[in-house]
Amino acid sequence: MGQIQEQTLARSVTYRGIGLHTGVEITVRVSPAEPGTGIVFCRTDLPNQPLIEAKVVNITSTLRCTTIGLNEQVQVKTIEHLMAAFVGLNIDNARVELDNGEVPVTDGSSAVWVQLFKEAGLIEQERPRKVGVLQEPLWVEEGSARLIALPAENLQVSYLFTSENQLVGNQFVEIVVNPDNFTDQIAAARTLAFAKEVEYLRKQGLALGGNLEIAVVIDSDRYLNPLRYVDEVARHKALDLIGDLGLVGPLKAHIIGMRSGHSLNAQLGAKLNAAVKWC
Ligand SMILES: [Zn+2]
């Protein structure tokens, strides 16, 4: 097999929208970047326009979303759905400029990013893609949540979501992550929210940008909005996992997840970061 080259966008794309947690309107510009750059975030609203590399070592919080940063001031929240789109479409290099500290929530999934990036088109670059190859199984656990990584020929994700809620129930999804599968099976999946929880978060000043369209919303025994997939919740958990592991880089590993969230994803990311061999 021939070498696979790194890819970037053929041109810049811009999106303006609300941050889920900050509730403010933010403009994001995603631009092509040089080979070997990786994904780099830039806070254009701060002095000297600081850069934050999308890397595991820069994770500063995993509370309700994944945040990367350099210090208290220089942070970007809710990077996971955008990161998942980069991973899903095999985009290695990009510069993400934001005029505030959060990636807009768009429609609660990765679909908007995937569409924008496909419209812009991708170009191959003069540098072979290095992929992190896992050689030994490894895992992390926290209570009843588990993430297991096994050596594999490509990136695969199997995810088990469990719920006491009769309607949501237990959901299982399995995917080989490539651009077609990601676009068709994962990109449009939104997260689960309970109507009560949405109200509570609003009172806490969190999830200010949240509304009925950006999540699968449940009120005790019924969905308040139409589903995009019958097992949308599990698919969104896989999306988050793919995005969070994007902070390691392109991977060859089969990730098996049960009941995990951003905190455990970050722990697995750190372990993978230390364990994979770049080839
Ligand atoms: Zn998510």
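Read-outs throughout are calculated quantities, based only on the coordinates presented, and are distinct from any laboratory measurement. What you are looking at is a predicted structure, and each value in this text was computed from that prediction instead of being measured. Virtual Cβ from ideal backbone geometry, glycine too; neighbours counted across all protein chains shown.
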How much net charge surrounds L192 when only other residues with a Cβ under 10 Å from its Cβ are counted (Lys, Arg +1; Asp, Glu -1)? 0
Between E124 and S220, what is the FRET efficiency for a Förster distance of 45 Å, r being their Cβ-Cβ separation, to the nearest 0.05? 0.35
Please report F172, F117, F86 as a ranked list, fewest other C-beta atoms within 10 angstrom at the top and most at the bottom. F172, F117, F86
Arrange the peptides 49-58, 24-33 so that the one whose residues have, on average, the most other Cβ atoms within 10 Å appears first. 24-33, 49-58
What does the charge count near Q267 come to, summing +1 for each Lys or Arg and -1 for each Asp or Glu among other residues with Cβ under 13 Å from its Cβ? -1
What FRET efficiency, computed as 1/(1 + (r/R0)^6) with R0 = 35 Å and r the Cβ-Cβ distance, is obtained for R11 and S163, rounded to the nearest 0.05? 0.25
Between beta-carbons, use under 12 Å as the cut-off and find the net charge around D240, counting Lys and Arg +1, Asp and Glu -1. +2
Suppose R0 equals 45 Å; then what is the FRET efficiency for W278 and V24 from their Cβ-Cβ distance, rounded to the nearest 0.05? 0.75
Spelling out what I want: for every residue of the range 55-69, take phi, set θ = phi - 60°, compute 6.51 cos²θ - 1.76 cosθ + 1.60 (Karplus), and round to whole Hz; glycine and proline get x. 9, 3, 5, 9, 5, 10, 7, 10, 7, 6, 7, 9, 10, 10, x
F194 long-range amide H proximity, modeled H, under 5 Å: I218
